[in-house]
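Below is one structure, written out as structure tokens; comments come after it.
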Amino acid sequence: MAEADEAAALQFTPTWIVAAVCTILVLISLAAERGLHHLGKTLKKNHQRPLYEALLKVKEELMLLGFISLLLTVLQGTIQRTCIPPSWTDYMLPCQKPGHDEAPSAATMAARLVAADILGGISRARMLSESGAEAGLCEKEGKVPLLSQEALHQLHIFIFVLAVSHVFFCATTMLLGGAKIHKWKKWEEEIQKNAAGNGSKKVLPMHQVSFIREHYEVIGTDSKTLCWLHSFRKQFYGSVAKSDYATMRLGFIMTHCRGNPKFDFHKYMVRVLESDFKKIVGTSWRLWIFVVIFLLLNVNGWHTYFWMAFLPLVLLLAVGTKLEHVIAQLAYHVAEKQTAVEGDLVVTPSDQHFWFGRPRIILHLIHFILFQNAFELAFFFWILMTYGFESCFMDNIGFLVPRLVLGVVIQLLCSYSTLPLYAIVTQMGSYYKMEIFNEHVQHGVLGWAEKAKKRSGFKEGGSSPTAESMHGEDAA
């Protein structure tokens, strides 16, 4: 055993092995860093500043992961020297210990050994020299370490897989949703072309206006229940029709930029969505608290992972229904006041259509939905690679299959329905976003606002309106 301990130490490791491993790690790290740097230069060259800022957010997440990795490495000795009574480890177990119920099957043991060879080889080698010594200190006191070396290693991998999965699924959602939103560009071009050749304005009864017919006459005038049911169903098919786009586009222009009837609403909407992406791709402290609570409740027999898989689905359906209901409200408020319309129908955007008068709440919910769904899928693949298919973490097939199906359904529904709905419907608030200006004007306004704030602070000791307050909801 002493020979094995010495062989595992760095001073008894051949220098060519140390140099080769370091070279490989450095090359991989440099390739990743150069790739991100090149991607950032490409985004800046193409004037895609919001996506560039989202890339910076990803780099911040990687820096956070590096710091967590460093903490786990530096504190692993301290954690293992922290001893607790063995009885404390008998409560809130994610899996029953083999001696408490029945021994694991041969297939499960084989899967664990294979996974250990793939992911845990390094940690097992170190356990021979370090973990055994640290655990021996606790054994002398009749106690056990707070966390074993292998558990720390597996936790380390899980945190990394979770963060990478969150970024990957957010990017996938943006790409798929953006592809659908890009199809609306032809609607924008057709509307601008038809507007240039419009002649006399026609007077149409309300029931002949397609926007009213699709959202008002279908649900009736007094049934709120039917209205919500119609909104719930519509998010699954044709969530945004051409008449919806044209009506909400005109309502935005007549409210916020009446003097520019040829305003490119589609381009503005895409810029806002790109700006929001940098908020979605991040991992806030609130989401990390959710991870901690989730891990705490992962108790054997509670089937926490199965029940929690329904949470993002319920929230996603609620968000999609609310966004469709906002469109229905726009139609309702116009139809109840008028019996006919001359020319194009004009709706009135208002924050009052949204929960608590804050459209930004929708973005926070989508952020949580994407993170929670990424957590579910990341946890599944991590368990599959680490412990095998028959692990107790997987529950049984009756719990496993619905979780995977729900994860795929949530990803597709969010990409093709909820995200495009969010992109256009949240423009029906009372305020416009800073992205209504081009990039150069944005920088000018921000610079002016900061200078005004500094001058006001020097003269009055107070504060002046900032750039965020100029566009309302962005400050929320």
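Return the long-range amide H neighbours of residue 347 (sequence gap of 5 or more, or a different chain), with a cut-off of under 5 Å between placed amide H atoms. Long-range HN contacts for residue 347: 251. When each of the peptides 353-365, 176-188, 74-86 is scored by the mean number of other C-beta atoms lying within 10 Å of its residues, the order from highest to lowest reads 353-365, 176-188, 74-86.
Working note: Karplus 6.51/-1.76/1.60 with θ = phi - 60° gives the stretch 171-187 the couplings 5, 4, 4, 5, 5, 5, x, x, 5, 6, 5, 4, 5, 6, 4, 5, 5 Hz, where Gly and Pro are set to x.
Rolling a 1.4 Å probe over the protein heavy atoms of the stretch 228-301, with every protein chain left in place, gives an accessible area that is 66 percent carbon and sulfur. The candidates 95, 22, 170, arranged from most to least accessible area with a 1.4 Å probe in the full protein assembly, appear as 22, 95, 170. Largest first, the residues 92, 434 sort by 1.4 Å accessible area into 92, 434. Summing charges over all other residues whose Cβ lies under 12 Å from the Cβ of residue 325, with Lys and Arg as +1 and Asp and Glu as -1, gives +3. In this view, the solvent-accessible surface of residue 386, computed with a 1.4 Å probe and all protein chains in place, comes to about 20 Å². Counting only protein chain heavy atoms and rolling a 1.4 Å probe, the accessible areas of 34, 249 rank, largest first, as 34, 249.
The values are calculated or read from the model by the stated rules, or taken from the named source; none is laboratory data. Predicted model only: the values in this text are computed from it and were never measured. All Cβ positions, even for glycine, are placed from backbone atoms using ideal geometry, and neighbour counts span all protein chains on display. What goes into the accessible areas is simple: the full protein's heavy atoms, side chains included, and nothing from ligands, DNA or RNA. Shrake-Rupley method; radii C 1.70, N 1.55, O 1.52, S 1.80 Å.
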